[in-house]
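The values are calculated or read from the model by the stated rules, or taken from the named source; none is laboratory data. Keep in mind that this is a model prediction, so the values were computed, not measured. All Cβ positions, glycine included, derive from the backbone under ideal geometry; neighbour counts span all protein chains shown.
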Amino acid sequence: MVSMRGVRFRYPVGAFELAVDELDVARGARVACIGPSGSGKSTLAALMTGIVVPNAGSVVLDGTELGDLSDAARRALRIERVGMMFQEFELVASLSALENILLPYHVADVLKLDADVTERARALADDLGLTDVLRRKPRRLSGGERQRVALCRALVTEPALILCDEPTGQLDPVTAAASLDRIFEQVDARGATLFVVTHDHGILARFDRVIDMSVVGRAGIAAEAS
């Protein structure tokens, strides 16, 4: 699903640099990425999906070399093939919870919104206990509710790659377990690939593979470190 070779990335400001000599995420794999804050977990996820592009090297997502695409083409590819749940949720304040879940269908022509999609969104929301708050805007939702809305949005497109940044960070243990169950159900149903950035070591047993960024520190990651 994802292949990275000889990748080097440095932010314009600051000394942080991430080096990825070789990294492959197999199709259908369940991968967790752990490590201390600042070790490059979220940057690695952003590179894998073309949110940022490397200063050097190659990133291939689902058979497509991201460096060959324009910003608009990378964005369309992400919307079509990747379900993303951000650590800060990135909900639109002026939209209701249901509208936020369906947002991917309004920002690109590659997805088509119809009655089946809306029903799928409502079913996901019901599974995660959100049915009674679907009309509320983010300011009227708790932190856990906002996180679950973001999770529904990541799942509703039935993506080939599901990428979650701290999906259980603000959830109580029962709700966190339910959220993970829903993620894994989607993975199983679609044969999707799962990549989760997390600080929660208690969930690592549920994954096929763990990439520990602290093994190689801030300088980089190699295949043998995974």
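Check Asp127 against each of (1) loosely packed, with under 15 Cβ neighbours inside 10 Å; (2) touching a residue at least 12 places away in the same chain (Cβ under 8 Å); (3) not hydrophobic (A, V, I, L, M, F, W, C) and name the one condition it does not meet.
Exception for Asp127: condition (1).
Tell me which of these Pro167 doesn't satisfy, since it passes every other one: (1) at pLDDT 85 or above; (2) under 15 Å from Glu90 (Cβ atoms).
(1)
If you go through the range 209-223 one residue at a time, do you hit one that is among the basic types (Lys, Arg) and either at pLDDT below 85 or within 21 Å of Gly28 (Cα to Cα) (or both)?
Yes, there is a match, as at least one residue in the range 209-223 is among the basic types (Lys, Arg) and either at pLDDT below 85 or within 21 Å of Gly28 (Cα to Cα) (or both).
What is the residue count in the range 1-50 for residues that are touching a Leu at 6+ places or on another chain (Cβ under 6 Å) and aromatic (Phe, Trp, Tyr)?
1
Would you call Val197 over 30 Å from Leu23 (Cα atoms), surrounded by 14 or more Cβ atoms within 10 Å (Cβ to Cβ) and of a type in the set (Val, Ile, Thr)?
The answer is no for Val197.
Would it be correct to say that Leu103 is over 15 Å from the mean Cα position of the chain (by Cα), surrounded by 15 or more Cβ atoms within 10 Å (Cβ to Cβ), hydrophobic (A, V, I, L, M, F, W, C) and under 28 Å from Gly143 (Cβ atoms)?
yes
Residue pairs, Cβ under 6 Å, 6 or more apart or interchain, first in the range 183-196 and part of a helix (DSSP H, G or I), second surrounded by 16 or more Cβ atoms within 10 Å (Cβ to Cβ) and not hydroxyl-bearing (Ser, Thr, Tyr). List them.
Short answer, once both residue conditions are applied: Gln186/Leu155; Val187/Leu194.
Looking at (1) at pLDDT 95 or above; (2) touching a strand residue (DSSP E or B) at 6+ places or on another chain (Cβ under 7 Å); (3) surrounded by fewer than 17 Cβ atoms within 10 Å (Cβ to Cβ), find the lone condition where Glu22 falls short.
Here Glu22 clears every test but (1).
Go through (1) under 18 Å from Thr49 (Cα atoms); (2) at pLDDT below 85; (3) among the hydroxyl-bearing types (Ser, Thr, Tyr) and name the single condition Thr198 misses.
Thr198 satisfies all of (1) under 18 Å from Thr49 (Cα atoms); (2) at pLDDT below 85; (3) among the hydroxyl-bearing types (Ser, Thr, Tyr) except (2).
Quick check on my filter: what residues within the range 67-80 are farther than 21 Å from Arg5 by Cα and touching a residue at least 24 places away in the same chain (Cβ under 8 Å)?
Once the filter is applied, which keeps residues that are farther than 21 Å from Arg5 by Cα and touching a residue at least 24 places away in the same chain (Cβ under 8 Å), the range 67-80 yields Arg75, Ala76, Ile79, Glu80.
Which count do you get for residues in the range 162-182 that are among the β-branched types (Val, Ile, Thr) and part of a helix (DSSP H, G or I)?
Qualifying residue count, the range 162-182: 2.
Inside the range 147-161, can you point out the residues that are assigned to a helix (DSSP H, G or I) and either surrounded by fewer than 22 Cβ atoms within 10 Å (Cβ to Cβ) or small (Gly, Ala, Ser) (or both)?
Of everything in the range 147-161, those that are assigned to a helix (DSSP H, G or I) and either surrounded by fewer than 22 Cβ atoms within 10 Å (Cβ to Cβ) or small (Gly, Ala, Ser) (or both) turn out to be Ala150, Ala154.
Taking interchain pairs and intrachain pairs at least six residues apart, which have beta carbon atoms under 8 angstrom, with the first residue in the range 11-25 and more than 14 Å from Pro54 (Cβ to Cβ) and the second part of a strand (DSSP E or B) and modelled with pLDDT of 85 or more?
Asp24/Val2; Asp24/Ser3; Asp24/Met4; Val25/Val2; Val25/Ser3; Val25/Val31; Val25/Thr193; Val25/Phe195
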